[in-house]
Amino acid sequence: MKPEDSSPYAQNSTETKITEAEILKMFSLSKLSAPAEGLTRFIDEFNSILNFFGSLNQVDTTNVEELAQVHDLANVFRPDEISPSFDVDIALENAPDQFDHCFKVPLVVE
């Protein structure tokens, strides 16, 4: 089915899609600091990207089969086999900290 040409992100649209507030929110969510100058550049670039993706709405996909994956790849599994490994004492030999025959690491999540 062909998507409607009246998409809000149509390629030839000159209407602004991304506002300055939305750009600032993206910077905040990304933990990035917004530049003091040149914010309009980001707005223009994001709108350009949205316009490009909007142009994809004009492509007729009526006879295109849906795909989950482009290639006919399949996972190749091997059987689990027990094989020799390091002795615990050898593995922990250079560990900066250990506890009860395990690597001890700093707490990451509280």
Looking at the range 47-96, which of its residues are out of contact with any strand residue (DSSP E or B) (no Cβ under 7 Å at 6 or more places or on another chain), surrounded by 10 or more Cβ atoms within 10 Å (Cβ to Cβ) and farther than 30 Å from Glu22 by Cβ?
Val88, Ala91, Glu93
Of the residues Ala21, Ala36, Ala10, only one is exposed (fewer than 13 other Cβ atoms within 10 Å of the Cβ), among the hydrophobic types (A, V, I, L, M, F, W, C) and either within 30 Å of Glu65 (Cα to Cα) or modelled with pLDDT under 80 (or both); which?
Ala36
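The values are calculated or read from the model by the stated rules, or taken from the named source; none is laboratory data. Keep in mind the model is a prediction, meaning the values are calculated, not measured. For neighbour counting, all protein chains shown are included, and Cβ atoms are generated from backbone atoms with ideal geometry for every residue, glycine included.
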